[in-house]
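Please read the structure below before turning to the comments.
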Amino acid sequence: MDKNKQQIVKSGLYLVSTPIGNMQDITFRALNILKKSNIILCEDTRRSGKLLSYFNIKNKTVSYHKFNEKKISNKIIDWIKSNYIVSLISDAGTPTISDPGMILIKRCIEEKINVYPIPGVSAVTTAISVSGFSDQYLFYGFLTKKEKELENILNHLSHLNFPIIFFVSAKKINFYISKFKEYFFDRKILIGKEMTKIYEEFIRSNVISVENFPETLKGELTVVISEKNHKKNNEKKISESVKIEIKKMLKKYSHRDVVEFISKKENLPKKLVYDFSLQFKK
């Protein structure tokens, strides 16, 4: 590119995408913006410090995370109004994608302050690009840890015929796998581990047969559940005699207990029993 045609860096808020693992994935434009920034907002200054040090960027960094973003937003707005160039980076990937930043962006929009995206790496597009699933996908991000709320969310999502992308902490992956088996039993799954790093690995399986991970696993995983498999959906059905049994049991026992009992007794997917039971109760 002709140096004379490079983008002029004006004051405003810049959302700068950073590598999700491999340092070489950063863009020339991202480096240019970071080098010209008066202040770089970091989710974790220690973690971002390693990235900035690697590229010999010594500009001022300020901690910006979910616990202080409301408190510090006014100060950031004042900096930008004073013609500062302010960049926002997350620990890895594209800012605001399941990371802090949306509060600040909304404030900038209200104050008519320019917000500039500096595109780059995202765990979302990295995973879906190698999944082999449909390119019409839904991104959900992190799931709740509250079991009842989680079951309601997964039940809703299970009716959508799109690949769905989740971010999952390694410490909780086995818990969520057990839930995926209940609600996405007839789909395929891709789990991205250490993406773009030396030990990058993609685990591909049917949801119902994916194995648990070691308890010592660390970090964050990107999980992609495939779109529905209509052929498999029709393989198992609830017989009329079992439907009668479910109806009788629902008069005495809770919805959850009935689903647990019938699915084990009849070797039926919990999701199948759950949907019929819910339909009957309505």
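Structure notes:
- Within the shell of other residues whose beta carbon sits under 11 angstrom from the beta carbon of Tyr14, the net charge comes to +3, with Lys and Arg scored +1 and Asp and Glu -1.
- Antiparallel DSSP beta bridges within the chain, as percent of all bridges there, nearest 5: 45 percent
- Within the set [x] 1.03; [y] 1.25; [z] 1.43, the number that Cα Rg over 2.2 N^0.38 Å takes when calculated for this structure is listed as [y].
- Relative to the longest principal axis of the Cα atoms of the chain, the long axis of helix 240-250 makes an angle of roughly 70 degrees.
- Theoretical FRET efficiency, 1/(1+(r/R0)^6), r = Cβ-Cβ of Glu201 and Ser129, R0 22 Å, to 0.05: 0.90
- By the count of other C-beta atoms within 10 Å, a proxy for reagent exposure, Thr125, Thr61, Thr94 are ordered fewest to most as Thr125, Thr61, Thr94.
- Positive-end residue of Phe162, Ala123, Ile20, charge dipole of the chain with Cβ unit charges: Phe162
- In nm, spacing of pseudo-spin labels at Thr27 and Phe213 (7 Å Cα→C-beta vector): 2.9 nm
- Modelled spin-label separation between Tyr253 and Ser241, with each label point placed 7 Å from Cα along the Cα-to-Cβ direction: 1.8 nm.
- Pair Arg47, Ser178: separation of 7 Å Cα→Cβ label points (nm): 2.7 nm
- Local charge for Thr45 was computed over the other residues whose Cβ lies under 14 Å away, with Lys and Arg +1 and Asp and Glu -1, and equals +2.
- Taking 0.36 nm per residue of separation and subtracting the Cα-Cα distance, full extension of the segment from Leu278 to Gln136 would add 48.2 nm.
Every read-out reported here was derived from the displayed coordinates using simple, explicitly stated rules and does not represent laboratory data. Just so we're clear, the structure is a prediction, and the values are computed from it rather than from any experiment. Methodologically, a virtual Cβ is constructed for each residue, glycine included, from the backbone with ideal geometry; neighbour enumeration extends over all protein chains shown.
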